[in-house]
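Visitor: Below: one structure in structure tokens.
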Amino acid sequence: MALPARVRGTAYELACQRELQRMLGAVLVHSGGTNDGGVDLSGWWTPMRDRVRVLVQCKAEAKKVGPAYVRELEGTALRAAWDRSRLRTEEAYIPTAMPLGVLASASGFSRAALLYAQSSQVPLALIHLSGTGSGAAEFDTLKCHGLVWNDALSGPNGILKGHFEQRWSLHTSSPILLLDGHPIAAAS
């Protein structure tokens, strides 16, 4: 028997929280639900000295995610940056003030979604995380099928200043993030 959409969505959000914390070492809080403002998970990632605000949308849909969801995430990130800049705090004006938008999909992404994300001036990462179980246990364990990020995140002028790259590990069937050629230590 299939889980109700809301229960399935929440299970996917919580599974993504665990997996992204493991992969990135980011500290993420679940905020999904009605009136979540387009943010299912939010928190901070400290890949180098400066911390990066992270906003995550999780899509546990049966079909590939299209560009409309990427545009929605882009708008959510821009809104978050705008709201922060209005606070007039010193932190709002540092180069990393633009948050990283992460879109996690259980079914992958359409070509149009990938192309749109690549062309965005907002730091974005798209990650295909699918469940390996079935029924109520569908999202107990997630498998990463791919991670794509844009130049606004990883390019020389992006918030990671070109210091990061990803490599695919044949042993774990998941991406490994490298900082200046060395694997970053993710949280366990």
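Computed from the coordinates by the stated procedures, all read-outs in this text should not be read as laboratory data. Please read all numbers here as calculations on a predicted model, not as lab measurements. FYI the Cβ positions are ideal-geometry reconstructions off the backbone, even for glycines, and counts take in every protein chain you see.
Visitor: About the Cα centre, and with charges only on the beta carbon of Lys, Arg (+1) and Asp, Glu (-1), how big is the dipole of the stretch 5-183? Nearest 20 debye, please. Provide the component values of the computation, followed by the final result.
Guide: Working: 19 positive and 16 negative charges, 31 e Å.
In total the dipole reaches around 140 debye.
Visitor: What full-extension length gain, to one decimal in nm, is calculated for residue 118 and residue 171 as 0.36 nm per residue of separation minus the Cα-Cα distance?
Guide: Roughly 16.3 nm would be gained on extension.
Visitor: Just to confirm a number: summing +1 for Lys and Arg and -1 for Asp and Glu over residues other than residue 174 whose beta-carbon lies under 14 angstrom from that of residue 174, what do you get?
Guide: Numbers: positive: 18, 22, 143, 167; negative: 19.
Result for the local shell: +3.
Visitor: Which of rounded, prolate or oblate describes the stretch 97-188 when judged by the alpha-carbon gyration tensor and an a/c cut-off of 1.5?
Guide: Here the stretch 97-188 falls in the oblate category.
Visitor: Expressed in whole Å with the largest first, what are the equivalent ellipsoid semi-axes of the chain derived from the C-alpha gyration tensor as the square root of 5 times each eigenvalue?
Guide: Gyration-tensor ellipsoid for the chain: 25, 20, 16 Å.
Visitor: Then there's this: Report the full-extension gain for the segment residue 7 to residue 134: residue separation times 0.36 nm, less the Cα-Cα distance, to one decimal in nm.
Guide: Full-extension gain reported as 44.3 nm.
Visitor: Can you give the longest stretch of the chain with no exposed loop site, where a site means trypsin sites (Lys or Arg not before Pro) in a DSSP loop (not H, G, I, E or B) with at most 13 other C-beta atoms within 10 Å?
Guide: With trypsin sites (Lys or Arg not before Pro) excluded where exposed in loops, the chain gives 89-188 as its longest stretch.
Visitor: Could I ask something else about it? Please report 164, 139 as a ranked list, fewest other C-beta atoms within 10 angstrom at the top and most at the bottom. Working shown, then result.
Guide: On the way: 164 18, 139 26.
By the 10 Å Cβ count, ascending, the order reads 164, 139.
Visitor: List every DSSP H helix in the chain whose Cα atoms extend 20 Å or more along the helix's own long axis and whose mean Kyte-Doolittle hydropathy is at least -1.0.
Guide: Helices meeting the criterion: 5-24, 67-85.
Visitor: Something else: How much of the DSSP beta bridge set in the chain is antiparallel, as a percent to the nearest 5?
Guide: Details: 24 of 36 bridges.
Taking every DSSP beta bridge within the chain, about 65 percent pair in antiparallel fashion.
Visitor: Helix-only estimate, please: 222 nm mean residue ellipticity of the chain, summing -39500 (n - 2.57) across DSSP H runs of length 4 or more and dividing by its residues, to the nearest 500.
Guide: Here the helix-only value at 222 nm equals -9000 deg cm²/dmol.
Visitor: Here is a further query. What does the charge count around residue 118 come to, taking other residues whose C-beta lies under 13 Å from its C-beta (Lys +1, Arg +1, Asp -1, Glu -1)?
Guide: Its environment carries a net charge of -1.
Visitor: For a quick check: with amide H placed at 1.01 Å from N, whose amide H comes under 5 Å from residue 146's, ignoring anything fewer than 5 positions away on the same chain?
Guide: HN-HN under 5 Å from residue 146: 128.
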